[in-house]
Amino acid sequence: SRLRQEDFPPRIAEHPSDLIVSKGEPATLNCKAEGRPNPTIEWYKDGERVETDKDDPRSHRMLLPSGSLFFLRIVHGRRSKPDEGSYVCVARNYLGEAISHNASLEVACKYLEIAHSC
């Protein structure tokens with residue numbers, strides 16, 4: 001398909017911010033992108049693509065229509081910390097891609113818990 005003059009590559013209009021969330025709580029990492037045609041949004045955590053409800057209906061992570069990543073609840077255990085890490089969103093269309101700033105998601109320990117046990 002030929003390049004239409006009004007088409008333009010993606011750019012990130014809203015970058016995600018660092019979050020500190022208690023385990024079991026919901027959380028949202030924001031991302032908005034502009035481009036024509038409308039870019040697709042994918043999220044990566046520590047370099048790995050994040051699976052959302054579109055990949056797995058049982059996933060606790062949802063890709064919102066705006067492009068933001070919504071966590072129904074933050075999952076965090078002693079052995080498994082699947083949600084903690086560094087996230088970026090990537091917007092793509094046929095003209096290219098744009099990558100957001102890094103945003104870290106940290107799980108807050110409850111005040112009374114010993115840090116290594118939360």
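The values are calculated or read from the model by the stated rules, or taken from the named source; none is laboratory data. Predicted model only: the values in this text are computed from it and were never measured. Side chains are part of the model used for accessible areas, which takes the heavy atoms of the whole protein and leaves out ligands, DNA and RNA. Shrake-Rupley method; radii C 1.70, N 1.55, O 1.52, S 1.80 Å.
Things worth noting here:
- Extension gain for R11-E25 works out to 2.0 nm (0.36 nm per residue, less the C-alpha to C-alpha distance).
- Area of V88 that stays accessible when all protein chains are in place (1.4 Å probe, Å², to 10): 20 Å²
- For segment 17-108, the mean projected area of the C-alpha convex hull, equal to one quarter of the hull surface, is 5.9 nm².
- Heavy-atom accessible area with a 1.4 Å probe sorts D18, D83, largest first, into D18, D83.
- Highest-MSF residue in the chain out of R11, R58, R73 [GNM, Cα springs under 10 Å]: R58
- Solvent-accessible surface of the chain, averaged per residue with a 1.4 angstrom probe and all protein chains in place: 65 square angstrom.
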